[in-house]
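The values are calculated or read from the model by the stated rules, or taken from the named source; none is laboratory data. Not measured: the values here are computed from a predicted model. For neighbour counting, all protein chains shown are included, and Cβ atoms are generated from backbone atoms with ideal geometry for every residue, glycine included. These accessible areas exclude ligands, DNA and RNA; they are computed on the full protein's heavy atoms, side chains included. Shrake-Rupley method; radii C 1.70, N 1.55, O 1.52, S 1.80 Å.
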Amino acid sequence: MAIIRSKIGIIGAGISGIAAAKQLAKYEPVVFEATNCIGGVWKHCSYKSTKLQTPRCDYEFSDFPWSQRDNMSFPTYEEILEYLYSYAQHFDVLKFVKFNSKVVEIKFVGDREMNYFGGKINGEFGCLLNGNPVWEVAVQTNDQSETLQWYAFEFLVMCTGKYGDIPNMPNFPQKKGPEMFKGKVLHTLDYSKLDQEESTELLKGKKVVVVGYKKSAIDVAVECAEANQGPEGQACTMVVRTLHWTVPHYSIWGLPFYLFYSTRSSQFLHSRPNQGLIRTLLCQMLSPLRRGASKLIESYLLWKLPLEKYGLKPEHPFEEDYASCQMAILPENFFTEADKGKILFKRTLSKWWFWEGGIEFEDNTKLEADVVILATGFDGKKKLRDILPDPFRSLLEFPSGMIPLYRGTVHPLIPNMAFVGYLESVSNLHSAEIRCIWLSRLVDDLFKLPPVEKMLEQVTQEMEIMKRTTRFYKRNCISTFSINHSDEICEEMGWQSWRKKNWLAEAFSPYNSQDYARGK
């Protein structure tokens, strides 16, 4: 079968893939989507109760506002999918997408005599668009077919995402895994594929154990409680190992949440890359203010929510969860159901495993269960490792466990490839869009990348800041210096970095995608 050649390939048609396709539309990219629809995790990993974790106004494309835009509502996953489809149709992006096209293999076909592993070719990073294919991609269009269609691209954009597709499964001792359990075990990925009738049937009247305490676990626990109303209903037990701060809404003691972290003045309290000696000393001097903001938020949450009553008060400061993009918005009725006895909590630091009637802990205590739902997250790196060829897959992460991406987009040692959607911030949609704009201008040769050594130095600085800010740094989250991060991207593209109309707004109003709608 002949190889189909094109300039740009994009793998994945979630938020990041659609954003990349829109910004690179002039090259008529080929977008491979393994399923029959766009949307990524919003389509394939959402439950009936799933909502966005940030207000609507913080999750929109700079050139396509929500039709009904307000600052405090949290759209459902159905609304987000509708918004994404409207965006794709408005900018005629769907014509680039090949649905039911699963990428199963990638080959590097660049000139191996050139110094790719130093990241330089003729003095530049990669070769960008010079007419020579660098990557070949094998695509399977039918699950039952062994026939593959090969494509060749000069540039490849990876948008497979950090979540969904591959569940992160716990390891169990021999003969103590799910096979020992007489009930049903499923991951939240499997649960998300059930419709409302199926999920209700699974949960109603059952002793359900949910392992985890992040957003997915909380949403499933609420759905379990709602399915078990009345005296005959069973309680859902959450097995909680690592606590995280939860937030009921975006107002703290009557103040809008953005004042604490999402304005330029608030981010001035946090370390950032390339800040210099004076800025470093100033950050140290102002550290009491930073800790005070975290304590103020914690005091409100402890007053507003019965965290101490249920043993759910984290030991680490609130700012560590914010700095790792793990701040979860609680469903309104979460603690209402807990007060009714429909949601119970089992705190443990010990290992656990299955027995025939449920799960067992190292202290020999047991939980009886009919259904165990594992809200244990996803392995996004495995998705990349499974399709990237050697030796590139070995370059995916530093010893720190983080993916080293310059501007959150290109790996300094992997040529002609970009990664969109792997660096998290306050709004992942904004992060994806501004990086796709940056990428399109890079491909257009409107600016040059620094030498590989400089890119690695920048990435290392960002990683060190993440490690100093939170113990959960491996999530690659830049929320505490996201505005500065966008500043540097703007400056590299030749845009003005300060985007507000006056200094007062610049200091105290929140930044969002609309601030970047005006280009330069």
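General remarks:
- Volume per residue for the stretch 26-87 equals 105 cubic angstrom (convex hull of Cα atoms).
- Over every Cα atom in the chain, the radius of gyration and the widest Cα-Cα span, Dmax, amount to 23.6, 74 Å.
- Calculated SAXS-style log₁₀ I(q)/I(0) at q = 0.25 Å⁻¹ - the stretch 317-373, Debye, Cα scatterers: -0.98
- One quarter of the convex hull surface built on the alpha carbon atoms of the stretch 236-358 amounts to 10.0 nm², the projected area averaged over directions.
- Shape box of the stretch 127-270 [Cα atoms, principal axes, largest first, Å]: 69, 54, 34
- Each peptide in 353-361, 278-286, 157-165 gets a packing score, the mean of other Cβ atoms within 10 Å over its residues, and the list from highest to lowest is 157-165, 353-361, 278-286.
- Maximal additional length on extending the residue 501-residue 201 stretch stands at 102.5 nm, based on 0.36 nm per residue less the C-alpha distance.
- Each principal axis of the Cα cloud of the stretch 280-439 was taken in turn, and the coordinate range along them, longest first, works out to 55, 49, 28 Å.
- Highest-first arrangement of 210-217, 438-445, 14-21, where packing means the average Cβ count within 10 Å: 14-21, 210-217, 438-445
- Computed Rg/Rh of the stretch 242-287, alpha carbon atoms with Kirkwood Rh: 1.10
- For the stretch 176-219, the calculated P(r), taken from all Cα-Cα distances in 10 Å bins from zero up to the bin holding the longest distance, is 22, 57, 21, 0 percent.
- Converting the Cα gyration tensor eigenvalues of the stretch 1-104 into ellipsoid dimensions via √(5λ) gives semi-axes, longest first, of 27, 16, 9 Å.
- Paramagnetic reach from residue 355 (point 7 Å along Cα→Cβ, amide N under 19 Å) across the stretch 226-247: 237-240
- A DSSP coil position with no more than 15 other Cβ atoms inside 10 Å describes the following chymotrypsin sites (Phe, Trp or Tyr not before Pro) in the stretch 457-520: 498.
- For the pair residue 194 and residue 242, label points projected 7 Å from Cα toward Cβ lie 2.6 nm apart.
- Where the chain is the region considered: accessible area per residue in Å², 1.4 Å probe: 44 Å²
- Percent of Cα-Cα distances greater than 17 Å, calculated over the stretch 412-520: 59 percent
- Were the residues from residue 453 through residue 255 laid out at 0.36 nm apart, the gain over their Cα-Cα distance would be 66.9 nm.
- Apolar share of the accessible surface for the chain: 51 percent from carbon plus sulfur atoms, 1.4 Å probe.
- As a calculated quantity, the FRET efficiency between residue 147 and residue 397 at R0 = 35 Å, using C-beta atoms, amounts to about 0.55.
- Mean Cβ neighbour count within 10 Å, used as a protection proxy, ranking 195-202, 47-54, 232-239 highest first: 232-239, 47-54, 195-202
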